[in-house]
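The block underneath contains the structure these notes are about, expressed in structure tokens.
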Amino acid sequence: MMLFVPTPAQRRPTVKDVAKQAGVAPMTVSYAFNHPARVAEATRTRVLEAAARLGYRPDSTARALRSGRAKQLGVVVGEHLSYLFDNPQAAQFLAGITDVCVSEDLGVVLIPTRGDASDVDRVLAAAVDGYVLWTTVADDPVLAAVASSGRPAAIQGGPAHPGLVCIGPDDRAAAAAVAAATPLAEATPVIISFPLDRRRASGVLRGHDLPPDLMDPQAVPFPVTGARLAGYRDALTEAGQDWGDVRIAVVERNQRELGENAAAALLETLEGSGPVVVLAMSDELALGARSTVGRTQREVTLTGWDGSREATTSGVWSVAASLREQGRACARAALSGELDRHQVPWTVVAPDGRPVTDR
């Protein structure tokens, strides 16, 4: 058997090497990096200069084990990671998290989940001090795993779960309010909906195809989808519309081109040429639908969600509930360990940018 012994050029410098080079004790080197207030400034400068000459870098893993802190916050995302950067509102949410991490001198670890058996191990193996979870399904095993990990965690939009702080607006009330702001009684309503469950099946349904209790996580595992559908149903029923006959296009993901395709599919199913109200669950979907609407002779009113400037300047009614603020609130909750639910304020915004309803 051949034994490999690294040469001095290959061997990684240690604390002892730095101590010898600086003429101090190894403990002083440790203090210089981990507890600088305990070391005289001149001594620390000498240690850092010696470390720089030797190319020494502290072992962050060992430091985390000693201190019990990784100084990192984990962000758990059940979407392709590029979604956090491609989608304007998801990017705002991530920006809110990083706002807090920068102020607290923390790093951010992005942890993707795929809906398979490896999710729990991947999430729990991350060297983080707490978790922020992007909204997921009620039966996601990651929820229970994170809640029992001993690390504080917050989730945006739900589902609510014991041990996790839930951060988000009252989606049902906001959905009802934005729908009620449109001429529902005089138009044909259609809905462009987020996925109903983790299978992300797409297609055109009718209200009677959906479960009666849209807020039941067993019936609609994505709580944001269920709550917004329930809010739309409240407003439509109040306006005298037959919920069972309302057409609903379910899309796989929150992408503009899918909103365009969904609007085309919905408009094809409608008879006559009367006015239409398109209730879309995001500004991205509404802006996609607007491309289709521009090719029709119908009078169409569009609603979205997120209160983006692009949407409101494009004639879309929207719900403003700052995702950047939600990101900040999630990060603060994940660092503090406080378990009180945080209700996010929301506002219905008219196409001219005027706030209409505040909660």
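The values are calculated or read from the model by the stated rules, or taken from the named source; none is laboratory data. Just so it is clear, the structure is predicted and the values come from calculations on it, not from any experiment. Note that each Cβ is placed from the backbone with ideal geometry, even for glycine, and that neighbours are counted across all protein chains shown. Please note that ligands, DNA and RNA were not included when accessible areas were found on the heavy atoms of the full protein model with its side chains. Shrake-Rupley method; radii C 1.70, N 1.55, O 1.52, S 1.80 Å.
Can you list the residues, at least 5 places off or on another chain, whose amide H is less than 5 Å from the amide H of V276, using H built in the peptide plane?
T188, E299, V300, T301
Take every DSSP beta bridge with both residues inside segment 168-264 and express the antiparallel ones as a percent of the total, to the nearest 5.
Values: 4 of 8 bridges.
Taking every DSSP beta bridge with both residues in segment 168-264, the antiparallel ones total about 50 percent.
What shape does the chain take by its C-alpha gyration tensor, where a ≥ b ≥ c are the square roots of the eigenvalues and a/c under 1.5 counts as rounded, a/b above b/c as prolate, and the rest as oblate? Could you put the intermediate results ahead of the total?
Values: a/c = 2.81, a/b = 2.60, b/c = 1.08.
Here the chain falls in the prolate category.
Which of the peptides 306-319, 105-118 is most tightly packed, and how do the rest follow, judged by the mean count of other Cβ atoms within 10 Å per residue? Provide the component values of the computation, followed by the final result.
On the way: 306-319: 21.0, 105-118: 13.9.
Put in order of decreasing packing, that is 306-319, 105-118.
State in Å² the accessible area per residue of the chain; use a 1.4 Å probe, count heavy atoms of protein chains only, and round to the nearest integer. Write down the numbers at each step before the final one.
On the way: 17520 Å² over 359 residues.
On a per-residue basis, 49 Å².
Taking 0.36 nm per intervening residue step and subtracting the Cα-Cα distance, what contour gain separates A91 from R309 on full extension? If you can, show how the numbers build up before the last one.
Numbers: separation 218, 0.36 × 218 = 78.48 nm, distance 1.50 nm.
This chain segment gains 77.0 nm when fully extended.
Using Cα centres only, tell me the gap between segment 209-285 and segment 65-117 in whole Å.
That distance is 30 Å.
Give me the distance in nm between label points sitting 7 Å out from Cα along the Cα-to-Cβ direction at A219 and D358, one decimal.
Inter-label distance under the simple model: 3.5 nm.
Rounded to a whole number, what % of the accessible area of the chain do carbon and sulfur atoms account for, probe 1.4 Å? Mind showing how you got there, number by number?
Numbers: 9000 of 17520 Å².
Carbon with sulfur: 51 percent of the solvent-accessible area.
State the antiparallel share, in %, of DSSP beta bridges confined to the chain, rounding to the nearest 5.
Numbers: 10 of 43 bridges.
DSSP beta bridges in the chain are roughly 25 percent antiparallel.
Determine the shape class of segment 109-173: with a ≥ b ≥ c the square roots of the Cα gyration tensor eigenvalues, call it rounded for a/c under 1.5, and otherwise prolate if a/b is greater than b/c, oblate otherwise. Mind dumping the intermediate values first?
On the way: a/c = 1.92, a/b = 1.51, b/c = 1.27.
The shape class here is prolate.
What is the extension gain from A127 to S148, computed as 0.36 nm multiplied by their sequence separation minus the C-alpha to C-alpha distance, in nm to one decimal?
Stretched fully, the A127-S148 segment lengthens by 6.0 nm.
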